[in-house]
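Visitor: Okay, handing you the structure first.
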Amino acid sequence: MRKSKAKERVLTPDPKFNDVTVARFVNMMMMAGKKSVSQNIFYTALELVEKKVTEEAGIETFKKALNNVMPAVEVKARRVGGATFQIPTEVAPSRKVSVGMKWMIKYARARNEKSMSERLANEIIAASKGEGASVKKKDDTHRMADANKAFAHFRA
């Protein structure tokens, strides 16, 4: 190992829910340093989620959706004797959350509703039910890891 491990940055919780995961999500969604725009999109999306799903609060639905999207295993490419193998590895807890958030944002942006808050709201609702593109991505990742179980002994 050449370099030292990067220090974990301490995030200030978001103003509305006082939650660090929400702040992290808003930061990931942000473009061109426009945090207030990102926050507005997120909070509007949660309001829309509350209107559509009446059983629970928007923040609870968001947390449930994020849990449904977070991968447990992924594949990493590793060269062994001239051949590249896809080796299944467990995902570190902080990376699980990061990857889950990235997928939710990516597939929300790819949807074709009118505004970003509508897209995000619908992606959150779909993910909380265990459907939608971001959950499909997680399932595909798990399937890929399962298919390459035979190479697990190459783990570093």
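The values are calculated or read from the model by the stated rules, or taken from the named source; none is laboratory data. Worth saying up front: this structure is predicted, and the values here are computed from it rather than measured. Note: ideal-geometry Cβ built from the backbone for every residue, glycine included; neighbour counts use all protein chains shown. The accessibility values were calculated without ligands, DNA or RNA, using every heavy atom of the protein model including side chains. Shrake-Rupley method; radii C 1.70, N 1.55, O 1.52, S 1.80 Å.
Visitor: Can you name the residue in segment 81-101 that is surrounded by fewer than 18 Cβ atoms within 10 Å (Cβ to Cβ), among the small types (Gly, Ala, Ser) and part of a helix (DSSP H, G or I) and, of all such residues, is nearest to the chain's Cα centre (by Cα)?
Guide: The selected residue is Ser98.
Visitor: If Pro71 passes every condition in (1) open to solvent by 10 Å² or more (accessible area, probe 1.4 Å); (2) part of a loop (DSSP other than H, G, I, E, B); (3) touching a residue at least 12 places away in the same chain (Cβ under 8 Å) but one, which one does it miss?
Guide: Answer for Pro71: the failing condition is (1).
Visitor: Scan segment 107-129 for residues that are of a type outside the set (A, V, I, L, M, F, W, C), assigned to a helix (DSSP H, G or I) and loosely packed, with under 14 Cβ neighbours inside 10 Å and report the count.
Guide: Result for segment 107-129: 1.
Visitor: Determine if segment 30-37 includes at least one residue that is without any contact (Cβ under 8 Å) to a residue 24 or more places away in the chain, open to solvent by less than 10 Å² (accessible area, probe 1.4 Å) and closer than 20 Å to Lys106 by Cα.
Guide: No.
Visitor: Scan segment 42-64 and tell me whether some residue there is open to solvent by 60 Å² or more (accessible area, probe 1.4 Å), over 14 Å from the mean Cα position of the chain (by Cα), modelled with pLDDT of 90 or more and small (Gly, Ala, Ser).
Guide: no
Visitor: Considering segment 134-156 alone, what residues qualify as being of a type outside the set (Lys, Arg) and under 13 Å from Met70 (Cα atoms)?
Guide: Within segment 134-156, Ser134, Val135, Asp139, Asp140, Thr141, His142 qualify.
Visitor: Something else about it: Check off (1) at pLDDT 90 or above; (2) surrounded by 13 or more Cβ atoms within 10 Å (Cβ to Cβ); (3) among the polar types (S, T, N, Q) for Asn148 and give me the number that stays unchecked.
Guide: Here Asn148 clears every test but (1).
Visitor: Another question, if that's okay. Give me the pairs: first residue in segment 85-101 and touching a residue at least 24 places away in the same chain (Cβ under 8 Å), second residue surrounded by 15 or more Cβ atoms within 10 Å (Cβ to Cβ) and of a type in the set (Gly, Ala, Ser), beta-carbon distance under 6 Å, and six or more apart or on different chains, which are they?
Guide: Qualifying pairs under 6 Å: Pro88/Ala145.
Visitor: Another question, then. Just to be sure I understand the filter: pairs with C-beta atoms under 6 Å, separated by 6 or more residues or on different chains, first member in segment 102-131 and closer than 13 Å to Thr44 by Cα, second member open to solvent by 80 Å² or more (accessible area, probe 1.4 Å) and not in a loop (DSSP other than H, G, I, E, B). Which pairs pass?
Guide: none
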